[in-house]
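Heads up: the structure comes next, in structure tokens.
Every number in this text was worked out from the coordinates using simple rules, so none of it is lab data. All figures in this text were calculated on a predicted structure; none of them were measured in a lab. Glycine also receives a Cβ, built like all others from the backbone with ideal geometry; neighbour counts cover every protein chain displayed.
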């Protein structure tokens, strides 16, 4: 776990300026402990006042400054604590802990700021979920199959991007494009080799669902076999500076994630509404027998749903890897959220998948602001899933007849 | 390559405690899927609450061992009700979605840093099995010539196979009763059963509870034979392996999951030992770029995934099943 995850501390003296910058403080010991007191590691600041303590993963950590090691003549401001609690949400980009020395201690992030931050990051996460949910909905609509191997299709996108990026040396953008293509091809291949023959044999949906869990186990193990059990990042865009627009703080890659998903989702939705293929997909989803008897080639419609659905899901995995990290477990962890999103919106509906994803994304990210432990923030999605099934099982935008 | 050693490992494992865990889990799934047609993809969740029910009661709450065992069953029962209430009136895939999501969510909760004081975090809990260990009547292990079990494992397999026998007896007795016949008819045609005035929802719920509690028992036994509960043990792979065990033996057969579990574990252990031998040592038979020793342990999951797909496609009735019994379709 957690390659490259670390707490980076920069010690500087704000009262003394060197070239207009606060002067770095050298030779100070910093210790990082977990919240139950286990020591994770310690480091001494270098000539630039920097220390880096590697972490095993996300969670809440306390950084302690050893006052005795401070150079002579420097004292901590009375309001500066020697301990600092750091919450490492997503492992990956380095988390920064700053000890402002000689200035007033800063804990300026108020509740409102945190809330706005978490809503923005919820929307971003919701859009990533939405791509995968759209894929699941397309496939469900066309075939009636709830694909339990869908999480692995998310993993596919991230893992393939990683390979193209790190092993083949492509820039992340090209690698991501290639991964979406590979996903589309994989969608075609799995329909051709697995699902179409099953439809021809007249295999029932329940049997197909069990086949899909077998497929999920198979794919996940293949990923673990080839990719390994560790968590990795792409070689670009790992840590970026955040820009501010009023209360909203985003870095470049987060903006890119939001823009890319919005453009793709809009394009898919317009295509579903306007193009011949989109209309055919909705017709097949509505009534396959009637579509077939009106002369549509149902099989090719289903094939296209698999291609488009898998490509969208792969893109979701690419962006998820960009947003945080790549691991063979990425998809498994997302599956709960994707299922909650499509059920909330209405299984098999396009707009429902979108709406449900945004709601789930925001619930998951906002939860920690209201005291939900951040390592189990996904559980909120499960609560929503169970509640919606109790109250309105067809989902917000679903039709009653669908659930039988 | 030492083929005798591979055979010995495989046989030892196939009758050993780990196989029993899967057999028990598969018996529970058999009640759900085999007899009633319910798709429970979260058996690992039932097992987790069973295991943690015991561990938390004894280690954290200082309760007695037997209270812990009771809590395990109650926890599995409560989980079945929570999962069943929203989903059992709906189409089959909703139960599948909710169970798999819940089992993953439970694993996250049990392993979370924030609830370390209650569930022990990612290291899990230990130190609850003293009463169980003290009950061990054996003074020594057993040597059957070809295979042998240590004293602990001998006690584990005695208890385990007794539990399997009891569960099989219960399932056999229930499924030949009128109650069991209603379950099978629900699997075949829910609407027909409803038109005869039966409360389908109640029957499905009872089946979910029974299978879930057998799952909880599997988790309880897992916790006892392991002497520690670790959250990562209860991932979805556990459920999928149990499904494979059931489908190998044959669903809707009392002894299907037992035979299936033993055969599956024999094959998987044999496979693991084979690849283990081929990748170990200073000069392994397989080159390390192709497979190293940590990858060799993954072969069992790859093969199980493939086997589950192929079984469901080509021989859904497994070894002993009846094809007509398993010809169910989505509703």
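Between 0 and 90 degrees, rounded to the nearest ten: what's the tilt of helix B:3-14 against the longest Cα principal axis of chain B?
Rounded to the nearest ten degrees, it is 40.
Calculate, for residue B:118 and residue A:111, the FRET efficiency according to 1/(1 + (r/R0)^6) with r their C-beta to C-beta distance and R0 25 Å; round to the nearest 0.05.
0.40
What ranking, highest mean first, results for peptides A:294-304, A:147-157 when packing means the other Cβ atoms within 10 Å averaged over each residue?
Highest-to-lowest ranking by the protection proxy: A:147-157, A:294-304.
Need the full-extension length gain, residue B:322 to residue B:195, defined as separation in residues times 0.36 nm minus the C-alpha distance. One decimal, nm. Provide the component values of the computation, followed by the final result.
Numbers: separation 127, 0.36 × 127 = 45.72 nm, distance 2.65 nm.
Stretched out fully, the residue B:322 to residue B:195 stretch lengthens by 43.1 nm.
With each label point set 7 Å from Cα along the Cα-Cβ vector, what nm distance links residue B:314 and residue A:248?
With each label point 7 Å from Cα toward Cβ, the separation is 5.5 nm.
Over the stretch B:219-280, calculate the relative contact order: mean separation of alpha carbon pairs under 8 Å at least 6 apart, over the residue count, as a percent.
19
Let me know the mean shielding of B:83-91 by other chains, meaning the per-residue number of their Cβ atoms within 10 Å of its Cβ.
4
For chain B, what does the relative contact order come out to in percent, with C-alpha contacts under 8 Å and a separation of six or more?
Reported relative contact order: 32 percent.
Find how much the distance from residue A:293 to residue A:270 grows on full extension, using 0.36 nm per residue of separation minus their present alpha carbon separation; answer in nm with one decimal.
Result for the pair: 5.7 nm of gain on full extension.
What average count of beta carbons from other chains do you get within 10 Å of the Cβ of residues in B:106-119?
Whole-number average of other-chain Cβ neighbours for B:106-119 is 4.
From the Cα gyration tensor of the stretch B:41-97, with a ≥ b ≥ c the square roots of its eigenvalues, which class applies: rounded if a/c is under 1.5, or else prolate if a/b is larger than b/c, or else oblate? Before the final figure, lay out the partial values.
Working: a/c = 4.23, a/b = 2.83, b/c = 1.49.
Note, shape of the stretch B:41-97 comes out prolate.
As an exercise, use a Förster radius of 41 Å and the Cβ-Cβ distance of residue B:64 and residue B:161 to find the FRET efficiency, rounded to the nearest 0.05.
0.95
Taking chain B as a Gaussian network, where each spring joins two C-alpha atoms under 10 Å apart, which residue of B:288, B:57, B:244 fluctuates the most?
Per the Cα network of chain B with a 10 Å cutoff, B:288 tops the list.
Starting from one equal scatterer on each C-alpha and no solvent at all, send me the Debye-based log10 I(q)/I(0) for the stretch A:184-287 at q = 0.10, 0.12, 0.18 Å⁻¹, two decimals.
Treating every Cα as an identical point scatterer, log10 I(q)/I(0) equals -0.58, -0.80, -1.11.
For the stretch A:283-348 and the stretch A:204-253, compute the distance between their C-alpha centroids and round to whole Å.
Cα centroid to Cα centroid, the span is 16 Å.
What FRET efficiency comes out for residue A:277 versus residue B:82 if R0 is 45 angstrom and r is the Cβ-Cβ distance? Round to the nearest 0.05. Don't skip to the end; give the middle numbers.
On the way: r = 42 Å, r/R0 = 0.93.
So, using R0 = 45 Å, E works out to roughly 0.60.
Taking the simple approach of a point 7 Å from Cα along Cα-to-Cβ for both residue A:31 and residue B:2, what is their distance in nm?
4.8
Residue by residue through B:288-299, how many Cβ atoms from other chains fall within 10 Å of the Cβ on average?
Mean number of neighbouring Cβ atoms from other chains: 2.
Of the peptides A:203-216, A:344-357, B:6-19, how do they stack up when ordered by the mean number of other Cβ atoms within 10 Å, highest first?
By packing density, highest mean first, the sequence is A:344-357, A:203-216, B:6-19.
Order of B:163-170, A:279-286, A:166-173 by packing, highest average Cβ count within 10 Å first?
A:279-286, B:163-170, A:166-173
Can you give the convex hull volume of the alpha carbon atoms of the stretch A:112-403 per residue, in Å³? It would help to have the intermediate numbers written out before the result.
Values: hull volume 38.5 nm³, N = 292.
That works out to 132 Å³ per residue.
Mind giving me the nanometre distance, one decimal, between the label points for residue B:150 and residue B:172, set 7 Å out from Cα along Cα→Cβ?
Distance between label points: 3.4 nm.
Could you tell me which of rounded, prolate or oblate describes the stretch B:1-159, using a ≥ b ≥ c as the square roots of the eigenvalues of the alpha-carbon gyration tensor, with rounded for a/c under 1.5 and, failing that, prolate when a/b is larger than b/c and oblate otherwise?
Oblate.
Can you give the alpha-carbon Rg of the stretch A:276-404 over 2.2 N^0.38 Å, where N counts its residues? It would help to have the intermediate numbers written out before the result.
Values: Rg = 17.0 Å, N = 129, 2.2 N^0.38 = 13.9 Å.
Rounded to two decimals, the normalised Rg is 1.22.
Pull out the extension gain between residue A:240 and residue A:189, defined as 0.36 nm times the separation in residues minus the alpha carbon to alpha carbon distance; nm, one decimal. Walk me through the numbers before you get to the answer.
Working: separation 51, 0.36 × 51 = 18.36 nm, distance 3.73 nm.
Result: 14.6 nm gained on full extension.
If the stretch B:209-331 were replaced by its equivalent ellipsoid, with semi-axes equal to the square roots of 5 times the Cα gyration tensor eigenvalues, what would those be, largest first, whole Å? Write out the running numbers ahead of the final one.
Working: eigenvalues 176, 82, 29 Å².
Listed largest to smallest, the semi-axes of the stretch B:209-331 are 30, 20, 12 Å.
Whole percent per 10 Å bin, from 0 to the bin with the longest distance: what is P(r) over all C-alpha pairs of the protein assembly as shown?
Per 10 Å bin, starting at zero, the Cα-Cα P(r) for the protein assembly as shown comes out as 3, 13, 23, 25, 19, 11, 5, 1, 0 percent.
With both bridge residues required to lie in the protein assembly as shown, what share of the DSSP beta bridges run antiparallel, to the nearest 5%?
Looking only at bridges with both residues in the protein assembly as shown, the antiparallel portion is about 85 percent.
Could you grab the relative contact order for the stretch B:40-86? Cα pairs under 8 Å, six or more apart, rounded to a whole percent.
It rounds to 38 percent for the stretch B:40-86.
Would you compute, for the Cα atoms of the stretch B:3-326, the largest minus smallest coordinate along each principal axis and list the three values in descending order, in whole Å?
68, 50, 39
For residue A:256, project a label point 7 Å along Cα to C-beta. Then give me every residue of the stretch A:225-247 with its amide nitrogen under 14 Å of that point.
What the label zone holds, given the 14 Å backbone N cut-off, is A:234-241.
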